[in-house]
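Take a look at the structure set out below.
Taken together, the values in this text are just the output of simple stated rules run on the coordinates, not laboratory data. No experiment lies behind these values; they were computed from the predicted model shown. Positions of Cβ are generated from backbone atoms using ideal geometry, with glycine treated the same way; all protein chains shown enter the neighbour counts.
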Amino acid sequence: MNYILFDLEWNQCPHGPEYENPRIPFEIIEIGAVKLNDRFKIIDEYNSIIKPRVYKTLHHHIRQMLNYDESVLKTGRPFEVVCKEFKKWCGDDYIFGTWGTSDITQLQKNMEYYYMQTTEEPMRYYDIQAIFGEAYPDPGPCRLEKAVETLSIPQNECFHTAINDARYTAYVLQKLSKRNFKDQYTYDYYHAPVDEEHEIHSYHRNYAEHISHGFDDKIYLIEDENFGEFRCYKCKRKLNRKIDWFSNNQNQYLGVGRCWYHGYQKGTIKFKLSNKGQTFAVKRIAPIPKSEVETIRNRKLELREKRREKRRNH
């Protein structure tokens, strides 16, 4: 299997968000990609400029960031032509890698704008930014430039062209430890699984993830029997409930269970909205120290008291 590390440059409405096309708020203007084999050696590259159709003038922030202007964009080709060529170049056996989570979503959004077929299910890929952040912890997301500097990678090319950023992302990956790398994939949530049969149950070295199919109303999702199931991330046995699920905020539930063999585990359920307007849930189960159990219990009691106080005041 090959690894396709790609980067996108995109433009947005130069006149402000109130004038943007809601179907394509960000229009892709360049695709750059690097192909690595299963030994993480670079074996090929892809790069193409795309001639914009929606936003033909560069937004002033984009203009300051890019290393080219509208005269270069006019030499580009239509998105559909470039995207089909890019997909063919990727081949049949590959997995994507990107710096951050935005590029995967924007690629699918642009494809849908031009009525091109997308995966129709959550896409598995590697977020190299997150993997770097786990190896080199730092508050907040790390810029690609900082990662390149941290790893002493020569900066022979400018940043903020798609092919150069794809190369730098590949160089960062090559420098990172490959121990447990295959386990570090994640999912893009632009699409929800189409039905219960296609729901995703993913077990990793240090957490488990369940992605539900989409529901037309959030209340149906909450009432679904799979919604509250609590299983060990490691042995998949049902956990002994220590703290039942509770609403931490409008889009998140928390809970705690205990496995006789693998200890205390926190459950987090986050609600997402798919591109089709359906609500689906991403449930994650991960081990926690016993000390964190009390913190979560106190959070539940605190929220309960706030709700009581609110009812009393009304």
Seminar exercise, completed: By Cβ neighbour count within 10 Å, fewest first, Glu18, Glu112, Glu9 rank Glu18, Glu112, Glu9
For this session: As a check on your grasp of the helix formula, calculate [θ] at 222 nm for the chain: sum -39500 (n - 2.57) over DSSP H runs of n ≥ 4, divide by the residue count, round to the nearest 500.
Result: -9000 deg cm²/dmol
Exercise. Going by how many other Cβ atoms sit within 10 Å of their own, how do Phe280, Phe6, Phe40, Phe271 line up, fewest first?
Worked result: Phe40, Phe271, Phe280, Phe6
Seminar exercise, completed: If the chain between Gln174 and Cys235 were fully extended at 0.36 nm per residue, the gain over the current Cα-Cα distance would be 18.7 nm
Problem set entry | Anchor Lys51: lysines whose Cα lies under 25 Å away (excluding residues fewer than 8 positions away in-chain) | Lys35, Lys74, Lys84, Lys87, Lys88, Lys109
Exercise. With contacts defined as alpha carbon pairs under 8 Å and 6 or more residues apart, what's the relative contact order of region 1-57 in percent?
Worked result: 37
Seminar exercise, completed: Mean separation of Cα contacts under 8 Å (at least 6 apart) over the residue count of region 2-184, i.e. the relative contact order in percent, is 27
Seminar exercise, completed: Neighbours of Pro78 by Cβ distance under 11 Å: Lys/Arg at +1, Asp/Glu at -1, summed charge +2
Problem set entry | Charge dipole (debye, nearest 20) of region 195-313; +1 at Cβ of Lys and Arg, -1 at Cβ of Asp and Glu | 840
Seminar exercise, completed: Which of Ile131, Ile219, Ile296 fluctuates most in a GNM of the chain (C-alpha springs under 10 Å)? That residue is Ile219
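Over the chain, calculate the relative contact order: mean separation of alpha carbon pairs under 8 Å at least 6 apart, over the residue count, as a percent. Intermediate results must be reported in sequence, preceding the final value.
Details: 564 pairs, mean separation 43.0, N = 314.
Here the relative contact order equals 14 percent.
Among the trypsin sites (Lys or Arg not before Pro) within region 190-244, which fall in a DSSP loop and have no more than 14 other Cβ atoms within 10 Å of their own Cβ?
Arg205, Lys236, Arg237
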Exercise. Among (i) 62; (ii) 67; (iii) 53, which one is percent of Cα pairs over 24 Å apart computed from these coordinates?
Worked result: (i)
Exercise. Roughly how many debye, to the nearest 20, is the charge dipole of the chain about its Cα centre, given +1 on each Lys and Arg Cβ, -1 on each Asp and Glu Cβ, and no other charges?
Worked result: 1540
Exercise. Residues with beta-carbon under 11 Å from that of Pro122, excluding Pro122: net charge, scoring Lys, Arg +1 and Asp, Glu -1?
Worked result: -3
Problem set entry | aspartates and glutamates with Cα under 17 Å of Lys283, excluding same-chain neighbours fewer than 8 positions away | Glu121, Asp188, Asp195, Glu196, Glu197, Glu199, Glu209, Glu223, Asp224, Glu225, Glu229, Asp244
Problem set entry | Residues with amide H under 5 Å from that of Arg231, placed H, sequence gap 5 or more | Leu239
